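Below: one structure, written as structure tokens.
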Amino acid sequence: MVASLVMYLAALIPLQNNSHIVNEPYYQLPRFWTNTGFCPYGEIKRESLKSSLFSESVQMNLMHLAALPTGALTHIRIHWLLELVKFIQYTQAGVPVYDFSDLDEFILNLNDLGLYPVIEFMTDLDGILISNSDIMNDIWEDFSYQVTKRYLNLLGAKNLVKWRFETWNEPDIHNYNILNFTVEGFIEYAMALRKGIKSAGRMSNKPLDLTLRGPAGLFKSKRNHPLCWSLIKSCNDQINDCPINVLTYHRKGQGLATEVLEASSKLLKNIYANYDNIKMLPVSNDEADPITGWSTPQDFYEDVRYATKLVYIVFLHWHAKLNYREFKYLETISHDNAFISYHPFEFAQRTLLAHFRMNNSQPVHSQFIQKPVYAALSMLSKLAPVAADIEVIALSSPNDVLWLLKTSSTGNKPLYVSWLLLPRENTEKLENFTLHRQLPFKSGSVETFAFVVELLEQKKTDPAYIWRTQARSRPFPDAMERAAMRYAQTPRLQASGLLLMPEFSLNISGLQLPWILLFRVCSNLSPVLKQPEAPTITKITIGEIFISWREAANTTNCLKTYEVWFQVNQTAEWSFISENWHLPYPSFQYAPINACVNGFFKVRAIDFFNRKSNFSDAIEYIEMSV
């Protein structure tokens, strides 16, 4: 436990979750930030896209994204995904017949991982759209109907209502607009999609009101970006015939989180000033990134700086949603950071994971290291259902400012409090200061409470720092160096225990900037954690495996860590292979030195009171030689 952090807490009464400070309003906190996206590498041709999307590296990347805590990431937006669909022939009635087998395989795997797609209707359908321009809209209506109906049948309404359907990505950009949409053609295309999706939804036993999002545009000048501006003008003129249900746009910064919000605010104010009839539409910034160009290396992408920028962006949008008219109907923001980095920018690109392509090994394989921004998503997933506005805490110097988001459980559920704290963006120095906050409860109950403090800290929970200082930035770090990076990839368990006084006290001196602190409190009336599902074991290379498991939704708020156990055979003793690791999310990469990975694996969860869940079912793994 670090001496600079002191916690004093006592046995308290939960007020049956009337847990906010008097006169401090709390609001439902929608998870509007649980979205990511990427574009597959390679040419925009089916075989190239198929090779990319089904590659070992992309599939492992998706597996890591799915191995975040429940609710940390829910949706993934993948450009050109519908290029996996192959046109076969026309029926005698002239209806196109498609081969969906490749898309089926990808979608079903995504579903197994617990991730929902954002389906962008971007494809040339093997040229049949261009060669049949006179009936292009009929083809779009039928195609959107076939796509929606197919996955409604395959996955059911319960899954499909969580999907998102969207128009063509950035249609005014020539590199994307391969069909050369005209203004009229683009509006008709959007109307055709809406009709097809709506028709498929009506075919359900219980009709579904499936929504269409769009136009996913940059909304620069009306002269250079006429498609997006014309669509919202059409909606403003005839709101009842508007094809989109959610207005989506793209606004990034120039390096700062504040610039993302400022750019969004400027755009939305402009839209509402000129198109007043659409001001009730929900809005979404599909690409709310701190700077453009995912592959352009940026130093801040490497470490805790990017993690803090992502959290700043979330904080700023929550505050704006509560306080600014133009953000009242903000539905979601998304970060385009599910790309796969490449040498020599393993950590320096806009990604959630650092990717090492191990070309010096047999067999060649990929190694992924979780960056601090990945851990930041884990921290955000632990927020409670209701939240106060962002509290801005001025310290002794005018330039020393902390941001605090306080969240709490609701109703008559056992008490759960989760506070997320960090210094203001780009803070370079903080004076010695001790922050004191009374915890928002009444005392005097026999009920007991426990707390956990986790910390992301520059150079401490910083795999890139390990790579540069210990592995000397080598493209092929060895097993020991990779283990050191992984040991630093999760938030540090800074402090935990029973509450002794109703006060949160933090001395910030000695914490390496930037940092993010997550403070959580749980009641002993919270149920013992549920048994995790049996783990999935994926081979990385010889003698190395990735172990991941599914969590039950809304059951892990009081989780402190997981334990992973291994048994060589059914007569041997079980060994605690993750004993020295803090595992706050459901995955563990196992690479024992001079030992075999063949055997049985099981996991269990530990809560704030050190109560243990039942073990998962044990799964046997037998390494297959290449």
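With respect to Ser496, is the statement that it is crowded, with 18+ Cβ neighbours inside 10 Å and out of contact with any Pro (no Cβ under 6 Å at 6 or more places or on another chain) true? In short, yes.
Hey, does the stretch 10-27 have a residue that's part of a loop (DSSP other than H, G, I, E, B), among the β-branched types (Val, Ile, Thr) and modelled with pLDDT under 95?
Checking the stretch 10-27: at least one residue is part of a loop (DSSP other than H, G, I, E, B), among the β-branched types (Val, Ile, Thr) and modelled with pLDDT under 95.
Surrounded by 19 or more Cβ atoms within 10 Å (Cβ to Cβ) and part of a helix (DSSP H, G or I), is that true of Leu103? Here the answer is yes, as Leu103 does meet what is asked. Taking the numbered list (1) free of Cβ contacts under 8 Å to residues at least 40 places away in the same chain; (2) in the same structural domain as Ile232 (by TED's automatic domain parsing) in turn, Ala263 passes all entries but (2).
Looking at Trp163, Trp168, just one residue is touching a strand residue (DSSP E or B) at 6+ places or on another chain (Cβ under 8 Å), more than 22 Å from Met203 (Cα to Cα) and buried (at least 17 other Cβ atoms within 10 Å of the Cβ), and that residue is Trp168.
Hey, among Thr407, Thr427, which residue is assigned to a loop (DSSP other than H, G, I, E, B) and β-branched (Val, Ile, Thr)? None of the others qualify; the one that does is Thr427.
Scanning the stretch 474-493 turns up one or more residues that are surrounded by fewer than 16 Cβ atoms within 10 Å (Cβ to Cβ), in a helix (DSSP H, G or I) and under 24 Å from the mean Cα position of the chain (by Cα). Being more than 30 Å from Ala464 (Cβ to Cβ) and either touching a Phe, Trp or Tyr at 6+ places or on another chain (Cβ under 8 Å) or part of a helix (DSSP H, G or I) (or both) is a description that applies to Ser284.
Restricting Ile244, Ile232, Ile197 to residues that are in the same structural domain as Asn169 (by TED's automatic domain parsing) and either surrounded by fewer than 22 Cβ atoms within 10 Å (Cβ to Cβ) or in a loop (DSSP other than H, G, I, E, B) (or both) narrows the list to Ile244.
If I ask for residues that are farther than 30 Å from Leu377 by Cβ and of a type in the set (S, T, N, Q), which ones from the stretch 63-108 would you list? Matches in the stretch 63-108: Gln89, Thr91, Gln92, Ser101. Against the numbered list (1) at pLDDT 95 or above; (2) over 30 Å from Leu267 (Cβ atoms), Arg325 comes up short only at (2).
Could you list, in sequence order, the residues of the stretch 350-368 that are surrounded by fewer than 24 Cβ atoms within 10 Å (Cβ to Cβ) and under 21 Å from the mean Cα position of the chain (by Cα)? His355 - this is the single residue of the stretch 350-368 that is surrounded by fewer than 24 Cβ atoms within 10 Å (Cβ to Cβ) and under 21 Å from the mean Cα position of the chain (by Cα). Whenever a residue of the stretch 81-93 is part of a helix (DSSP H, G or I), its partners that are at pLDDT below 95 and buried (at least 16 other Cβ atoms within 10 Å of the Cβ), lying with C-beta atoms within less than 6 angstrom and at least six residues away or across chains, give the pairs Glu83/Arg46.
Residues that are touching a helix residue (DSSP H, G or I) at 6+ places or on another chain (Cβ under 7 Å) and more than 25 Å from Ser578 (Cβ to Cβ) within the stretch 516-546 are absent altogether. For Phe576, state whether it is touching an Asp or Glu at 6+ places or on another chain (Cβ under 7 Å) and either touching a residue at least 24 places away in the same chain (Cβ under 8 Å) or not hydroxyl-bearing (Ser, Thr, Tyr) (or both). Yes: the conditions hold for Phe576.
The values are calculated or read from the model by the stated rules, or taken from the named source; none is laboratory data. Computed from a predicted structure; not experimentally measured. Virtual Cβ from ideal backbone geometry, glycine too; neighbours counted across all protein chains shown.
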